[in-house]
1. Only one of (1) of a type outside the set (A, V, I, L, M); (2) closer than 19 Å to residue 92 by Cα; (3) surrounded by fewer than 18 Cβ atoms within 10 Å (Cβ to Cβ) is not met by residue 196, so which one is it?
2. With respect to residue 285, determine if the residue is surrounded by 15 or more Cβ atoms within 10 Å (Cβ to Cβ), modelled with pLDDT of 95 or more and farther than 22 Å from residue 211 by Cα.
3. Is it fair to say residue 219 is more than 18 Å from residue 72 (Cβ to Cβ) and touching a helix residue (DSSP H, G or I) at 6+ places or on another chain (Cβ under 7 Å)?
4. Exactly one of these conditions fails for residue 202: (1) in contact (Cβ under 8 Å) with a residue 24 or more places away in the chain; (2) assigned to a loop (DSSP other than H, G, I, E, B); (3) within 17 Å of residue 55 (Cα to Cα). Give me its number.
5. Being among the acidic types (Asp, Glu) and over 19 Å from residue 177 (Cα atoms) is the filter; apply it to the range 87-136 and report the residue that is surrounded by the fewest Cβ atoms within 10 Å (Cβ to Cβ).
6. If you check residue 229 against the conditions, is it more than 27 Å from residue 60 (Cβ to Cβ), surrounded by 17 or more Cβ atoms within 10 Å (Cβ to Cβ), touching a Ser or Thr at 6+ places or on another chain (Cβ under 7 Å) and among the hydrophobic types (A, V, I, L, M, F, W, C)?
7. How many residues does the range 143-174 contain that are assigned to a strand (DSSP E or B) and at pLDDT below 95?
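The values are calculated or read from the model by the stated rules, or taken from the named source; none is laboratory data. Note that the structure is a prediction, hence the values are computed from the model and not measured. Positions of Cβ are generated from backbone atoms using ideal geometry, with glycine treated the same way; all protein chains shown enter the neighbour counts.
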Amino acid sequence: MVDIPVKKYRVRRAKKWLQRNLIPFVVRANKVSSKWRKPDRVDWPPASLEGMPGLDRYEYSWLSQNGEDGVIRHLFDNIGYESRWFVEFGFGVVQCNCLRLMMHEDFSGLLMDGSGENVDFFNDAARKFGLDRVKAVQTFITRSNLQELISANDVPREIDFLSLDVDGNDYWFWEELECVSPRVACIEYNAGIGPDLSLTVPYADDFERYERHPGGFFHGASLTALESLGRRKGYYLIGCDMTGTNAFFLRDDVRIDGVPALTPREAFRPHANWLGRRISESQQLEIMLAMPYQEV
């Protein structure tokens, strides 16, 4: 059996606890605001990615984590904006897929997360920057409250962008979501499962990734599971980021020349972080198959 390192996550949690209890909120909030002031990239697409295939050519991170800012920018450069609305489930206050849209593209939107601290930091920074058409809501999302939460915050049905990254029930929330119809969707997938199996964690209202497995390996859904669900919902897969974290989908009525629908195997990228920790793709799959994933 593969030895799964967990120390990194325990240290990270301990560090966050110390920060919350030792550093005043206003000091940490000012650090958030200073990061939001970071200048966006102007030399784009990045010269360093010249000749890269597909979406890779456009990746960069302003305040996203895995190159999503550049991919999202590229997609909307081609399809244009309509509603200028987004919904994002699960976000980091300085690593968020929709920050560029709200700050540089005049988007309105709703962010939801289970961390009250994340939400407080976001809303504090949004006030400082005059972003009065975006807000973050602290909530623990379930299938039964998902639609009501969105509708209660006056989100229109037609939105431009959806970002879904909750480290657990991602498949089930996207399946449930009918009150909005995004033109572009970015969904986190579990690359450790590989490109062929259609698996997800079983649904649970109280799912929490690191409580279920201290190494974080039991989470989310495979790319094949999400691609199949997307087709049923009227979306086609166009690619994944280079780190093997996010899959990008377009609604069936949204087309870009030279951006075809891809199969999961064509789009799949392995998990760069786990590979960097010397856990091979075959070892990752061995770990996943030992866990109680559900076939869908």
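1. (2)
2. Details: surrounded by 15 or more Cβ atoms within 10 Å (Cβ to Cβ): yes; modelled with pLDDT of 95 or more: yes; farther than 22 Å from residue 211 by Cα: no.
No: the conditions fail for residue 285.
3. Numbers: more than 18 Å from residue 72 (Cβ to Cβ): yes; touching a helix residue (DSSP H, G or I) at 6+ places or on another chain (Cβ under 7 Å): yes.
Criteria met by residue 219.
4. Unmet condition: (3).
5. Let us first name the residues in the range 87-136 that are among the acidic types (Asp, Glu), namely 88, 105-106, 113, 117, 120, 124, 132.
Those still in the list that are over 19 Å from residue 177 (Cα atoms) too: 105-106, 117, 120, 124, 132.
Numbers: 105: 16, 106: 11, 117: 15, 120: 16, 124: 19, 132: 9.
Looking at the filtered set, the residue picked out is 132.
6. So residue 229 fails the test.
7. Of all residues in the range 143-174, those assigned to a strand (DSSP E or B) come to 158-164.
Narrowing further to those that are at pLDDT below 95: none.
Count: 0.
Residues are listed down the side, and each one gets a yes or a no for (1) among the hydrophobic types (A, V, I, L, M, F, W, C); (2) more than 17 Å from the chain's Cα centre (by Cα):
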| position | (1), (2) |
| --- | --- |
| 42 | yes, yes |
| 45 | no, yes |
| 49 | yes, yes |
| 57 | no, yes |
| 79 | yes, yes |
| 86 | yes, no |
| 89 | yes, no |
